[in-house]
Amino acid sequence: MSQLDIDWVRAQFPAFAEPTLRGGQAFLENAGGSYTCRQVIDRLTRYYTQRKVQPYAPYEASRLAGEEMDEARARMAAMLGVDTDEVSFGPPSTTQNTYVLAQAFRQWMKPGDAIVVTNQDHEANTGPPWRRLAEEGIEVREWQLNPETGSLDPADLDDLLDDKVRLVCFPHCSNVVGEVNDVAAITARAHVAGGAFVCVDGGVSYAPHGFVNVGEIGADIYLFSAYKTYGPHQGVMVVRRELGMALPNQAHYFNADSLYKRFTPPAGPDHAQIAACAGMADYIDALAAHHGIAGDAAARSAAAHDLMRAHEVALLQPLLDHVSNKNSVRLLGPDRAENRAPTVALDLGRAAEPVAAELAGHGIMAGGGGDFYAVRALKAHGIDPDKGVLRLSFIHYTHADEVERLVDALDVVL
Ligand SMILES: Cc1ncc(COP(=O)(O)O)c(C=O)c1O
């Protein structure tokens, strides 16, 4: 099947059949977190109802609990094109994962070393973790977005790279600009020009639109939050072996040899949520099977990604055309759907929250009024973060009808 079967897709998400959520409302704040697929909910329910909470003990329920956790790591790693122990399930959020990683870099780097951060990122991959390394004498260099286009120009990165730079942190896709950054090309530049490692926030803004083959794109660290990718509230992080074994261990001393434990600080993980992460792989596999896609896990995931993206791009272009034609709003990021995720932030020149509230009255659930933790990106565009932007975001399960309803509602409220 060459087109996404949207009815089949929606049938995998119980939220679409839930009267309290349905109620005539179109969900267009997916960048804040997606609905959860049935496969994940089923695994979570099974864990809580049929397994013991404490895994890896020698009795049946506990053994199965441990197996389900191991399965989640192995299946996610296979989709992401990396070794099983290069996938860590950390705390529930990406922000906490970067925070722990930064502690490792804090111990590993020397005064006079440098890192590169951007002003396009969500704060999770810039302020609390990385910019605070300046307190240790680390030089922090900012790769700045173009205030007209919102883009990060790779040529500007070249000017910041030299042999002092140990790490380059950037987003796969900003949660307000929406442009998809060429991770493979940027990573290659950082590796070659400065010998630096890269930390990519796959975050909200890219991972929900399809899992990528991290092995192929070459990122040393790739992070995302499973609650944005139809899963449980769980931070997921790929740390490639060379870097992961070089950075100081942040876990119990007796776990230092285990790559997937090294950046999970001493604390019990959320067993049920980790086990439920395998449901994301179940969903991708079911989607692939339904559309007649074969191959290994990475190939199935890549083909599923392409189907999802094609659907999203087809729905996105009319929305971009519509908002680009309005004098009263400014679209952040590219106006071509192929270059961006369907995360559409609009500068209204006035407070966005009342407009989001008005949209709710027209059956549209939108994100409004906030800076979406992208304060630096908004300021760089000359937008007052207190007024914020209106954000309209969808993923592959969104129906064309919902985008049409959005367009009609925008005509009324703008
Ligand atoms: C691009 C991006 N990165 C990181 C995050 C932070 O994720 P978490 O809430 O898991 O810390 C978000 C959250 O919205 C985001 O949009």
Please list the equivalent ellipsoid semi-axes of segment 266-380, computed as the square roots of five times the alpha-carbon gyration tensor eigenvalues, in descending order and whole angstrom.
34, 22, 14
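If you take every DSSP beta bridge whose two residues both sit in the chain, what share of them, in percent to the nearest 5, is antiparallel? Could the numbers behind the result be given before it?
Numbers: 18 of 38 bridges.
If we restrict to bridges inside the chain, about 45 percent are antiparallel.
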Are there GluC sites (Glu not before Pro) in segment 117-215 that DSSP puts in a loop and that have at most 15 other Cβ atoms within 10 Å, and which ones?
Glu148
Excluding residues fewer than 8 positions from Lys164 in its own chain, the lysines with Cα under 24 Å of it are Lys110
How high is the relative contact order of segment 238-361, in percent, with contacts defined as C-alpha pairs under 8 Å that are six or more residues apart?
12 percent
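Need one word for the chain: rounded, prolate or oblate. Basis is the Cα gyration tensor (sqrt eigenvalues a ≥ b ≥ c); a/c below 1.5 gives rounded, then a/b vs b/c decides. Spell out each step's value before the answer.
Values: a/c = 1.75, a/b = 1.10, b/c = 1.60.
In terms of gyration-tensor shape, oblate.
Where a ≥ b ≥ c are the square roots of the eigenvalues of the C-alpha gyration tensor, would you call segment 121-243 rounded, which needs a/c under 1.5, or, failing that, prolate if a/b is larger than b/c, or oblate? Display every interim value, and only then the final one.
Numbers: a/c = 1.44, a/b = 1.34, b/c = 1.08.
It is rounded, given that a/c, with a ≥ b ≥ c, falls under 1.5.
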Can you give me the relative contact order of the chain as a percent, contacts being Cα pairs under 8 Å and 6 or more apart?
23 percent
Between segment 220-256 and segment 79-157, what is the C-alpha centre distance in whole Å?
14 Å
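Under 14 Å from the Cβ of Phe254, count the other residues' Cβ atoms, weight Lys and Arg +1, Asp and Glu -1, and hand me the total.
Here the count lands on +1.
Gain in length, Thr149 to Asp162, computed as 0.36 nm per residue apart minus the alpha-carbon separation, to one decimal in nm?
Values: separation 13, 0.36 × 13 = 4.68 nm, distance 2.64 nm.
The span from Thr149 to Asp162 would gain 2.0 nm if fully extended.
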For a protection proxy built on the mean count of beta-carbon atoms within 10 angstrom, sort 12-18, 185-191 highest first, please.
185-191, 12-18
Defining a contact as two alpha carbons under 8 Å apart and six or more residues distant in sequence, what relative contact order in percent does segment 85-183 show?
29 percent
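None of the figures in this text is laboratory data; all of them are computed from the coordinates on show. Note that the structure is a prediction, hence the values are computed from the model and not measured. As a convention, Cβ positions derive from the backbone with ideal geometry for all residues, glycine included, and neighbour counts pool all protein chains shown.
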